[in-house]
Amino acid sequence: MASTLSLEPLRPEDAPAVQRWLHAHLRTHVRAWADVRGLGWTPPEADGHLLATDLVGEHWAALVRASRRRDHLVRVARLEGRPVGLAWAVVRPDDYLKESTGVLNWLFVDPAVRGHGLGRSLVAEAKRWMRSRGARSWVVSVLQGNEVAQAVYAASGARPADLRMMGSLEDDDG
Ligand SMILES: CC(C)(COP(=O)(O)OP(=O)(O)OC[C@H]1O[C@@H](n2cnc3c(N)ncnc32)[C@H](O)[C@@H]1OP(=O)(O)O)[C@@H](O)C(=O)NCCC(=O)NCCS
């Protein structure tokens with residue numbers, strides 16, 4: 001990609017783009033989880049849930065709070081100054097391996113500029129920051145079936161570790 005890429009802190013004027021990405025991200029996840037959970041929501045019902053609970057507003061507020069903390073990294077990828085992607089990471093203790101681990105909380109690249117290495121650059125930046133904060137490993141959760149993200153993480157050196165499962169407690173089938 002010929003344009004100049006920079007990785008910078010979150011700015012208030014990023015709100016429209018980042019909230020649009022949050023909406024897309026949350027819509028995908030709510031639809032997937034509602035489906036596994038057996039709620040039988042139609043796409044408009046899932047969208048209604050997003051709206052009624054202000055999930056986008058909640059996540060945007062959490063992102064803004066995180067961007068002000070030293071133990072979190074919020075990096076916005078910009079092409080010619082325009083926001084095109086974001087990575088959010090945090091470092092925390094791993095209770096089992098007893099070491100500091102980096103958690104990649106969120107990764108998103110604008111659909112218009114996918115497939116040009118921005119996702120990988122954002123992961124590399126997050127990994128550099130995790131290392132600088134003393135982390136010795138990194139983890140990320142990814143939706144079952146999100147093969148593109150899984151390929152990005154694999155290309156960035158991660159391997160599948162576990163699988164979260166979900167079930168309803170409202171039926172009687174054991
Ligand atoms: C996942 C996401 C961040 C990837 O961003 P991207 O900028 O398109 O990714 P990159 O161009 O850096 O790709 C990095 C590697 O991922 C793999 N990859 C990327 N796009 C792919 C595709 N469509 N199919 C298969 N593999 C793909 C390739 O291995 C690629 O490396 P290569 O270019 O050396 O072949 C982007 O698709 C996205 O924002 N998706 C929606 C949100 C999401 O799923 N986030 C992750 C939540 S856990």
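The values are calculated or read from the model by the stated rules, or taken from the named source; none is laboratory data. What you see is a predicted model, and the numbers here were worked out from it, not measured in a lab. Using ideal geometry, Cβ is built from the backbone for each residue, glycine included, and neighbour counts are taken over all protein chains shown.
So which residues in the stretch 148-165 are surrounded by 11 or more Cβ atoms within 10 Å (Cβ to Cβ) and either away from the ligand (no atom under 16 Å from the Cβ) or part of a helix (DSSP H, G or I) (or both)?
Quick first cut of the stretch 148-165, residues surrounded by 11 or more Cβ atoms within 10 Å (Cβ to Cβ) only: 148-156, 158.
Residues satisfying the conditions are Val148, Ala149, Gln150, Ala151, Val152, Tyr153, Ala154, Ala155.
For Arg75, are the conditions met, namely being modelled with pLDDT under 95 and either more than 13 Å from the ligand (Cβ to nearest atom) or not in a helix (DSSP H, G or I) (or both)?
Working: modelled with pLDDT under 95: no; either more than 13 Å from the ligand (Cβ to nearest atom) or not in a helix (DSSP H, G or I) (or both): yes.
No.
Please give the number of the condition Arg78 fails out of (1) surrounded by fewer than 17 Cβ atoms within 10 Å (Cβ to Cβ); (2) in contact with a Ser or Thr (Cβ under 7 Å, 6 or more places away or on another chain); (3) of a type outside the set (A, V, I, L, M).
For Arg78, the exception is condition (1).
Show me the helices (runs of 4 or more DSSP H) found entirely inside the stretch 1-72 where at least 3 residues are within 13 Å of the ligand (Cβ to nearest atom) and within 27 Å of Met130 (Cα to Cα).
So the answer is 15-37.
Pairs please, first residue from the stretch 20-33 and under 13 Å from Ala52 (Cα atoms), second anywhere and within 11 Å of the ligand (Cβ to nearest atom) and modelled with pLDDT under 95, Cβ atoms under 9 Å, 6+ apart in sequence or on different chains.
From the stretch 20-33, no pairs qualify.
Just to check your reading of the model, which residue among Asp47, Asp110, Asp14 is at negative phi, among the charged types (D, E, K, R) and over 17 Å from the mean Cα position of the chain (by Cα)? Can you show your working first?
Values: Asp110 fails: over 17 Å from the mean Cα position of the chain (by Cα); Asp14 fails: over 17 Å from the mean Cα position of the chain (by Cα).
Exactly one residue qualifies, and that residue is Asp47.
Residue pairs, Cβ under 9 Å, 6 or more apart or interchain, first in the stretch 142-161 and touching a residue at least 40 places away in the same chain (Cβ under 8 Å) and within 13 Å of Val109 (Cβ to Cβ), second in a loop (DSSP other than H, G, I, E, B) and among the β-branched types (Val, Ile, Thr). List them.
Going by the 9 Å Cβ cut-off, the qualifying pairs are Ala149/Val142.
I'm trying to understand the selection: among the residues of the stretch 110-141, which are small (Gly, Ala, Ser) and without any contact (Cβ under 8 Å) to a residue 24 or more places away in the chain? Spell out how you get there, then give the answer.
Going through the stretch 110-141, the residues small (Gly, Ala, Ser) turn out to be 112, 115, 117, 119, 121, 124, 126, 132, 134-135, 137, 141.
Gly115, Ser132, Ser141, listed by residue number.
Is it the case, given these coordinates, that Leu107 is within 8 Å of the ligand (Cβ to nearest atom) and touching a residue at least 60 places away in the same chain (Cβ under 8 Å)?
On the way: within 8 Å of the ligand (Cβ to nearest atom): yes; touching a residue at least 60 places away in the same chain (Cβ under 8 Å): no.
So Leu107 fails the test.
Would you mind stating whether Ala124 is more than 7 Å from the ligand (Cβ to nearest atom), over 22 Å from Leu22 (Cβ atoms), out of contact with any strand residue (DSSP E or B) (no Cβ under 6 Å at 6 or more places or on another chain) and among the hydrophobic types (A, V, I, L, M, F, W, C)?
Numbers: more than 7 Å from the ligand (Cβ to nearest atom): yes; over 22 Å from Leu22 (Cβ atoms): yes; out of contact with any strand residue (DSSP E or B) (no Cβ under 6 Å at 6 or more places or on another chain): yes; among the hydrophobic types (A, V, I, L, M, F, W, C): yes.
So Ala124 fits the description; yes.
Going by the conditions given, is Thr101 more than 18 Å from Trp138 (Cβ to Cβ) and at pLDDT 95 or above?
On the way: more than 18 Å from Trp138 (Cβ to Cβ): no; at pLDDT 95 or above: yes.
So Thr101 fails the test.
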